[in-house]
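A quick write-up on the structure given underneath.
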Amino acid sequence: MVDTDGNAVTGAEDDVWHASPDGLYENQDPEQAEWNLRGRFFSDEEGMFAFRGIKPSGYPIPMGGPVGELLTALQRHLFRPAHVHALIHKPGYKTIASQLYSHDDPILETDAQFGVVRSLVGTYVRHEHEPVPDPVVTEPWYSLEFTFVVEPGEAWLPTPPVSAKRDSTPYLPRGTL
């Protein structure tokens with residue numbers, strides 16, 4: 001993470017989260033542990049933060065409400081491309097609330113939410129027959145590097161929209177409308 005002059009930003013709070021390979025966030029899935037695939041990190045003296053996770057996958061959005069009705073009326077699919085959410089906060093800088101998309105998701109151009117911005121597409125690099133970053137990681141594994149740029153300004157933290165697990169709305173498999 002760097003500022004607009006390219007200087008490392010240290011001590012920024014970085015919340016990240018994403019859905020499971022089944023396309024559900026932990027609060028939607030009673031089988032997942034609380035806070036699964038969510039983490040909070042702080043950038044180091046080089047402006048870096050790192051974590052080990054899984055490569056996210058895309059998922060269908062719930063169709064049981066007005067969004068589903070709108071997508072049906074527009075004859076659009078209901079899928080979101082693979083992405084990781086990021087909420088980056090540090091006093092003195094504008095807060096970033098964003099999503100980082102996977103370069104190889106086939107629906108980047110047709111996201112049901114129209115959320116994909118080219119500058120937020122990251123490239124996952126597949127590693128085979130290379131040293132693993134941790135003994136519990138198996139081959140093949142992926143890495144992703146991305147530089148967030150923070151601007152001077154007002155920092156804010158939103159109220160978390162999720163406070164407890166909820167019953168899952170039925171989801172349709174990829175390829176159905």
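The values are calculated or read from the model by the stated rules, or taken from the named source; none is laboratory data. Please read these numbers as outputs of a predicted model, since none were measured by experiment. Heads up, the Cβs are rebuilt from the backbone with ideal geometry, glycines too, and the neighbour counts pull from every protein chain shown.
What to note about this one:
- Residue 23 meets each of the listed conditions (1) modelled with pLDDT of 90 or more; (2) touching a strand residue (DSSP E or B) at 6+ places or on another chain (Cβ under 8 Å); (3) not hydroxyl-bearing (Ser, Thr, Tyr) apart from (1).
- Matching residues in region 110-142 - criterion: being under 17 Å from the mean Cα position of the chain (by Cα) and among the charged types (D, E, K, R): 111, 118
- Residues located in region 1-52, provided they are out of contact with any Gly (no Cβ under 9 Å at 6 or more places or on another chain), among the aliphatic types (A, V, I, L, M) and closer than 22 Å to residue 142 by Cβ: 24, 48, 50
- Residue within region 80-90 that is more than 17 Å from the chain's Cα centre (by Cα) and at pLDDT 95 or above present: yes
- Just so you know, in region 5-62 the residues that are surrounded by 15 or more Cβ atoms within 10 Å (Cβ to Cβ) and acidic (Asp, Glu) include one that is nearest to the chain's Cα centre (by Cα), and it is 15.
- Residue list for region 63-80, filter: part of a helix (DSSP H, G or I) and loosely packed, with under 14 Cβ neighbours inside 10 Å: 66, 69, 70, 72, 73
- The residues listed here are 58, 68; of these, the one that is without any contact (Cβ under 8 Å) to a residue 12 or more places away in the chain, over 30 Å from residue 4 (Cβ atoms) and not charged (D, E, K, R) is 68.
- Strands (runs of 3 or more DSSP E) wholly inside region 81-141 that include at least 2 residues being touching a residue at least 12 places away in the same chain (Cβ under 8 Å) and surrounded by fewer than 13 Cβ atoms within 10 Å (Cβ to Cβ): 124-127
- Residue count for region 13-24 under the criterion of being assigned to a loop (DSSP other than H, G, I, E, B), over 13 Å from residue 100 (Cβ atoms) and touching a residue at least 40 places away in the same chain (Cβ under 8 Å): the result is 3.
- Residues (in contact with an Asp or Glu (Cβ under 6 Å, 6 or more places away or on another chain) and closer than 23 Å to residue 140 by Cα) located in region 53-97: 58, 81, 82
- Considered as a group, the residues in region 142-158 that are outside any loop (DSSP other than H, G, I, E, B) and not β-branched (Val, Ile, Thr) include one that is farthest from residue 88 (Cα to Cα), and that residue is 142.
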